[in-house]
Amino acid sequence: QVQLVESGGGLVQPGGSLRLSCAASGSIFRSYTMGWYRQAPGKQRELVSRFTSGGSTIYADSVKGRFTISRDTAKNTVYLQMNGLKPEDTAVYYCNAYNGYVDYWGQGTQVTVSS
């Protein structure tokens, strides 16, 4: 069983920055690819960014150039650095672990961008 715990969300003004963290139970990076998704009210959950099985990164067009995904294998933690935040980035952000067969999700962390 994989456990994912997100942190780092909050309220920020437009143009501000936040860094989200996702701490995973155990050493899962060898078996799982990790990523971040978000879900805004009334909308479907969507991909924000993730690692591929080859170690490269994928970003949604809406966040390219503003968000950066990274990981610390020693800490079993994945990060999402979010700069230049916009009101449309407001959503619950979820950490995901996927091994080709099973998805695991964290509980989510709220990000609100508002003046």
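The values are calculated or read from the model by the stated rules, or taken from the named source; none is laboratory data. Keep in mind that this is a model prediction, so the values were computed, not measured. A quick note on method: Cβ atoms are made from the backbone with ideal geometry, for glycine too, and the neighbour counts reach across all protein chains shown. Side chains are part of the model used for accessible areas, which takes the heavy atoms of the whole protein and leaves out ligands, DNA and RNA. Shrake-Rupley method; radii C 1.70, N 1.55, O 1.52, S 1.80 Å.
Things to note:
- Restricting attention to segment 54-71 and to residues that are of a type in the set (Val, Ile, Thr) and assigned to a strand (DSSP E or B), the residue that is surrounded by the most Cβ atoms within 10 Å (Cβ to Cβ) turns out to be ILE69.
- Cβ-Cβ under 7 Å pairs, at least 6 apart or on other chains, segment 100-114 side within 13 Å of GLN39 (Cβ to Cβ), far side outside any strand (DSSP E or B): THR109/GLY8; THR109/GLY9; GLN110/GLY9; VAL111/GLY9; VAL111/ASP89; VAL111/THR90
- Residue in segment 5-16 that is at pLDDT 95 or above, farther than 13 Å from TYR94 by Cα, surrounded by 18 or more Cβ atoms within 10 Å (Cβ to Cβ) and over 12 Å from the mean Cα position of the chain (by Cα) present: yes
- Selection from segment 72-115 of residues that are among the hydrophobic types (A, V, I, L, M, F, W, C), open to solvent by less than 20 Å² (accessible area, probe 1.4 Å) and under 12 Å from the mean Cα position of the chain (by Cα): VAL78, LEU80, MET82, ALA91, CYS95, ALA97, VAL111
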